[in-house]
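Following: one structure in structure tokens, then a few remarks.
Derivation of every value follows stated rules applied to the coordinates shown; laboratory data play no part. All values derive from a computational prediction rather than experimental measurement. For neighbour counting, all protein chains shown are included, and Cβ atoms are generated from backbone atoms with ideal geometry for every residue, glycine included.
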Amino acid sequence: MGGSGSKSKGYWPFSGSGGGDEQQPKEGNEQPLARLRSFRNATPFVFTRRSSLYYDEDGDLAHEFYEETVVTKNGRKKAKLKRIQKNLIPQGIIKLDHPSIHVDFPVVICEG
């Protein structure tokens, strides 16, 4: 599994350096793209996240939705669950109850 990719191409939101490919400003008003995109006062905390819940057509909220179907095989009826993947609307961005630390924060918080 890959990381978030925020360290690629010199982008490092928690400090002015650390991306590795940052260059010194050139002559005139030109500055490297990494310097323009860096955030000096970025916070290491995350206050929102994308929800993994979905709304269905009835307005119900859940991670997954199933529909019961009846299958007749050799004259016997058997109930099966079929997963619904169409017509689902993502819940969107939700606010966290307690802030968490950003995955790319470069400092060890606790040594054990």
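Annotations for the structure displayed:
- Seen from L88, the other residues with C-beta closer than 15 Å to its C-beta sum to a net charge of -2, counting Lys and Arg as +1 and Asp and Glu as -1.
- For region 54-69, 3J(HN,Hα) per residue [Karplus equation, 6.51 cos²θ - 1.76 cosθ + 1.60, θ = phi - 60°, Hz, x = Gly/Pro]: 10, 9, 9, 5, 8, x, 6, 10, 6, 6, 9, 10, 10, 10, 7, 10
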